[in-house]
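The block underneath contains the structure these notes are about, expressed in structure tokens.
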Amino acid sequence: MAVTVLAPPARAANRPTAVGRDRRELFFSAFCGSVLVVFAAIWVLPLLWAVDTSLKPEGEIANHPTAWWSDNWTLDSYRSLLSQGHMLDWYLSSFVVAALTVVLCVVVCSMAGMAIARTRFPGRRVAFTVVAAGLFIPPQVLILPLFQEFGLVHGLNTYWALILPAVPTSVAVLIFASFFGGIPGELADSAQLDGAGWIRIYSRIYLPLTRPAISAVSIFTFVWSWNNFLWPLLVMTNPRTMTLPVGLSQVSSAYGIQYAQLMASAVLGALPLLVVFLVFQRRIVEGVATTGLGGQ
Amino acid sequence: MTALRTVPAGTGSGRRRDEARSGWLLLAPFALLYLAFLIGPTIYGLVLSFSNASVVHSGLRGFAGAGNYLEALTSTDFWSSMWHTALFTVLTTPPLVVLALVLAVFVNRIRTHRWFFRLVFFAPYVIPSSAVALIWTWLYTPQIGLWDSWLAALGLAAPNWLADPNWAMASVALTTVWWTLGFNFVLFLAGLQDIPRELYEAAAVDGAGPWQQVRRLTVPLLSRTTVLVLMLQIIASLKIFDQIFLMTQGGPNYATRPVIEYIYDIGFTDYRTGYAAAVSMLYFVVVFAVSLVWFVASRRAQRKVL
């Protein structure tokens with residue numbers, strides 16, 4: 001209808017007709033769709049297989065390791081994991097660490113972002129350069145000196161050893177600074193005329209306006225903290241206070257070839273963030289897109 | 001206006017002093033933590049790298065000069081771990097960039113169910129590395145693993161995935177592609193959103209088929225995103241530790257040990273802190289150089305647009 005009106009009649013002769021074009025488009029879309037379906041199947045498969053294995057009795061896996069169907073579906077492996085293992089302790093540790101890291105990171109980094117973007121003070125350019133330089137230091141390089149530092153103050157095996165080094169994040173400061181920089185300065189000027197101090201201007205006027213930045217930084221700090229591995233592996237050696245990824249890395253020596261147990265641990269380990277992702281799908285994807293964050 | 005400005009809060013210079021003090025006050029918590037957990041350790045690490053420090057004895061135990069660096073640069077273990085990190089980067093970067101690009105372009109061409117593919121491809125990215133390692137070690141298990149049984153059904157002999165020195169790195173790379181592709185995929189999807197629909201319509205009117213549109217229009221217009229994804233991927237791949245440590249422990253016979261695991265081994269198993277710090281610094285130089293290339297390139301790209 002609208003298409004026929006828009007089709008240029010004069011030049012149509014030596015070009016593909018609208019009908020031919022539509023057919024090519026349709027064919028190409030179908031081709032894209034089928035390729036995508038194949039890859040989606042490949043991508044889902046490992047997770048499905050893990051869930052499938054975790055729901056079978058160990059004996060059946062030993063006899064028919066690659067059978068998809070079971071005659072005796074069971075939740076036994078989950079039951080024994082939750083009642084005997086340290087799974088719940090690990091959930092708690094990971095949650096406490098990730099939540100505290102998020103709160104402190106948002107508060108501390110947004111304050112710094114405000115200082116850099118909105119207040120004028122001598123040394124501001126130097127401060128900005130020093131913060132930006134942090135982008136280039138891979139955290140893996142700092143592990144040895146940090147380990148000695150925490151050993152010195154007897155901070156190893158405490159949550160603080162996991163939380164505090166993750167709080168001052170250059171990326172987060174720069175994201176907040178760019179958001180604060182985008183808010184008109186007149187807001188601060190008029191608030192000052194009303195006698196508001198800078199701390200008040202920050203917390204009451206500017207911070208509430210940066211909700212997208214807060215949610216992006218929160219989600220990524222949470223995911224990053226939850227999945228962080230090398231540093232917690234070195235710092236947390238007590239099985240009761242380990243974080244989830246560190247705990248999971250030890251289960252293969254504990255359960256050996258009990259594949260249902262192993263897969264149940266993997267599924268329980270994957271579950272919390274998968275649920276978070278399902279709930280916040282749109283926000284997370286937007287956050288990746290606008291900030292390019294989370295490159296680990 | 002000027003009159004108004006000076007009335008409530010006293011003199012202008014007083015207010016500026018107040019602003020400067022508040023600026024420092026807002027920056028202070030960050031500055032303290034940054035000093036304690038980033039700048040301090042960086043400098044301390046640099047000092048350590050020139051010392052004979054070890055975990056067993058406290059203190060720096062004497063100045064080693066460039067000794068640690070010379071030892072690293074002449075050590076075959078160091079160079080083979082650097083090579084493994086480079087090999088992992090070379091194996092993972094092309095598929096993680098190209099496949100993510102292709103899948104994103106394809107998703108962009110279909111009309112419905114986009115959310116479904118976004119969900120499926122991105123979901124593995126939020127799973128902890130140790131859960132990924134558990135699942136994929138099970139898939140790779142010789143004889144009773146799913147991959148082996150499928151290859152056997154096709155009449156093919158399966159390699160001894162993680163236990164064969166020739167296959168171990170490729171197997172870990174394959175797992176990594178599955179695990180992290182979604183991140184690049186989403187970056188590409190975002191880049192695709194910035195290409196106006198009218199361009200495709202105009203191209204279609206001019207007789208360009210869908211395949212030509214992708215080749216002549218989409219891919220060139222996406223080049224800035226592609227460069228960004230490529231650089232982020234190289235930097236991320238150079239940081240490889242988790243998957244290899246969890247799936248092969250650097251083996252078989254150190255055939256996959258990456259440089260971070262080498263640092264971990266000499267620093268925390270052999271207790272040679274000074275030497276490990278020197279290796280960290282050498283590794284840092286490599287990552288820094290790559291980051292700098294990216295930084296300069298993206299600055300230049302931005303300036304061109306402005």
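Any read-out appearing in this document is the output of simple, stated calculations on the displayed coordinates, not a laboratory observation. Everything quoted here is computed from the prediction, not taken from an experiment. Reconstructed Cβ throughout: ideal geometry from the backbone, glycine too, with neighbour counts over all protein chains shown.
Given charges of +1 on the Cβ of Lys and Arg and -1 on the Cβ of Asp and Glu, with all other atoms neutral, how large is the dipole of the protein assembly as shown about its Cα centre, in debye to the nearest 20?
About 2440 debye.
Using a Gaussian network model on chain A with a 10 Å cutoff between Cα atoms, which of A:Leu47, A:Leu152, A:Leu104 fluctuates the most?
In the Gaussian network model the winner is A:Leu152.
Calculate, in whole percent, how much of the Cα-Cα pair population of region A:196-239 lies beyond 16 Å.
Cα-Cα pairs of region A:196-239 separated by over 16 Å account for 59 percent.
With unit charges on the beta carbon (Lys/Arg positive, Asp/Glu negative), name the residue among A:Met111, A:Gly195, A:Leu142 whose Cα is farthest towards the positive pole of the charge dipole of region A:82-291.
It is A:Gly195, whose Cα lies furthest towards the positive end.
Can you tell me how much longer the chain between B:Phe295 and B:His113 gets when fully stretched, taken as 0.36 nm per residue apart minus their C-alpha distance, in nm with one decimal?
Using 0.36 nm per residue and subtracting the Cα-Cα distance, I get 61.9 nm.
Fewest Cβ neighbours within 10 Å first, please rank A:Val108, A:Val279 accordingly.
Going from least to most buried by this count: A:Val279, A:Val108.
Decide, for the protein assembly as shown, between rounded, prolate and oblate: order the square roots of the alpha carbon gyration tensor eigenvalues as a ≥ b ≥ c, take rounded if a/c falls under 1.5, and otherwise choose prolate if a/b is larger than b/c, else oblate.
Taking the square roots of the gyration eigenvalues as a ≥ b ≥ c, the protein assembly as shown is oblate.
Could you tell me what fraction of 2.2 N^0.38 Å the Cα radius of gyration of region B:193-306 comes to, as a two-decimal ratio?
1.64
Going by amide H atoms built from the backbone, whose H comes under 5 Å of the H on B:Asn160, apart from near neighbours?
Residues meeting the criterion, in which the H sits 1.01 Å from N, do not exist here.
Using a basic spin-label model with each label point 7 Å from the Cα along Cα→Cβ, how many nm lie between A:Val51 and A:Leu271?
About 1.2 nm separates the two model spin labels.
Taking 7 Å along the Cα-to-C-beta vector as the label spot, tell me the B:Asp77-B:Val98 distance in nanometres, rounded to one decimal.
Here the modelled spin labels are 3.7 nm apart.
Can you grab the distance from the C-alpha centre of region A:206-225 to the C-alpha centre of region B:99-170, Å, no decimals?
So the separation of the two Cα centres works out to 31 Å.
Taking a ≥ b ≥ c as the square roots of the eigenvalues of the Cα gyration tensor of region B:76-305, is the shape rounded (a/c under 1.5), prolate (a/b larger than b/c) or oblate?
oblate
Report the residue, chosen from A:Gly197, A:Gly256, A:Gly33, that carries the largest GNM mean-square fluctuation when chain A is represented by alpha-carbon nodes joined by springs under 10 Å.
A:Gly33
What would the Debye equation give as log₁₀ I(q)/I(0) for region A:127-243 at q = 0.16, 0.20 Å⁻¹, counting only Cα atoms as equal point scatterers?
Listed by q, the Debye log ratios stand at -0.88, -1.11.
What is the fewest-to-most order of A:Cys105, A:Cys32 by other Cβ atoms lying within 10 Å of their Cβ?
Least to most surrounded, the residues fall as A:Cys32, A:Cys105.
Enumerate the amide H contacts of B:Ser51 below 5 Å, restricted to partners 5 or more residues apart or on another chain; note that Pro and chain-start residues carry no placed amide H.
Correct list: B:Ala64.
Expressed as a rounded percentage, what relative contact order does chain B have, with Cα pairs under 8 Å and six or more residues apart?
28
From other protein chains only, count the Cβ atoms within 10 Å of every residue's Cβ in A:243-251, then give the mean.
Whole-number average of other-chain Cβ neighbours for A:243-251 is 4.
Find out how many positive minus negative residues lie around A:Ile214, taking Lys and Arg as positive, Asp and Glu as negative, among other residues whose Cβ is under 15 Å from that of A:Ile214.
Charge balance in the 15 Å sphere: +2.
Can you give me the convex hull volume of the Cα atoms of region B:215-278, divided per residue and expressed in Å³?
Cα-based convex hull of region B:215-278, divided per residue, equals 117 Å³.
With N set to the residue count of chain A, report its C-alpha Rg divided by 2.2 N^0.38 Å to two decimal places.
In units of the globular-protein estimate, chain A measures up at 1.39.
Based on the alpha-carbon set only, what is the convex hull volume of region B:128-205 divided per residue, in Å³?
So the per-residue hull volume is 149 Å³.
Using a ≥ b ≥ c from the Cα gyration tensor of region A:157-202 (square roots of the eigenvalues), is it rounded, prolate or oblate, where a/c under 1.5 gives rounded and otherwise the larger of a/b and b/c decides, a/b for prolate?
Oblate, since a/c reaches 1.5 and b/c is not below a/b.
Can you tell me the dipole magnitude for region A:190-296 around its Cα centre, using point charges on the Cβ only (Lys, Arg +1; Asp, Glu -1), in Debye to the nearest 20?
Value, rounded to 20: 160 debye.
Cβ under 13 Å from A:Ser70's Cβ, A:Ser70 left aside: what net charge do those residues give with Lys, Arg +1 and Asp, Glu -1?
After counting each charged neighbour, the total is -4.
On average, how many beta carbons from a partner chain sit within 10 Å of the beta carbon of a residue in A:41-53?
The shielding value for this peptide is 5.
So, R0 is 56 Å and r is the distance between the beta-carbons of B:Ala163 and B:Arg16; what FRET efficiency does that work out to, to 0.05?
Once rounded, the FRET efficiency stands at 0.25.
Among A:Trp226, A:Trp73, A:Trp90, whose mean-square fluctuation peaks in a Gaussian network model of chain A (Cα, cutoff 10 Å)?
It is A:Trp73.
What helices in chain B pass both tests, a Cα length along the helix axis of 18 Å or more and a mean Kyte hydropathy of -0.5 or higher, using whole DSSP H runs?
Sorted by number, the helices that extend far enough and score high enough are B:12-34, B:76-109, B:168-193, B:223-238, B:273-305.
Given only helices, namely DSSP H runs of n ≥ 4 each adding -39500 (n - 2.57), what is the per-residue ellipticity at 222 nm of the protein assembly as shown, to the nearest 500 deg cm²/dmol?
-22000 deg cm²/dmol
Would you calculate the separation in nanometres between label points at B:Ala86 and A:Asp189, each defined as 7 Å from the Cα along the Cα-to-beta-carbon direction?
Distance between label points: 5.7 nm.
Take A:His154, A:His86 and order them by how many other Cβ atoms sit within 10 Å, fewest up front.
A:His154, A:His86
Under a Cβ-Cβ cut-off of 13 Å, what is the net charge of the residues other than A:Gly185 that fall near it, where Lys and Arg count +1 and Asp and Glu count -1?
-1
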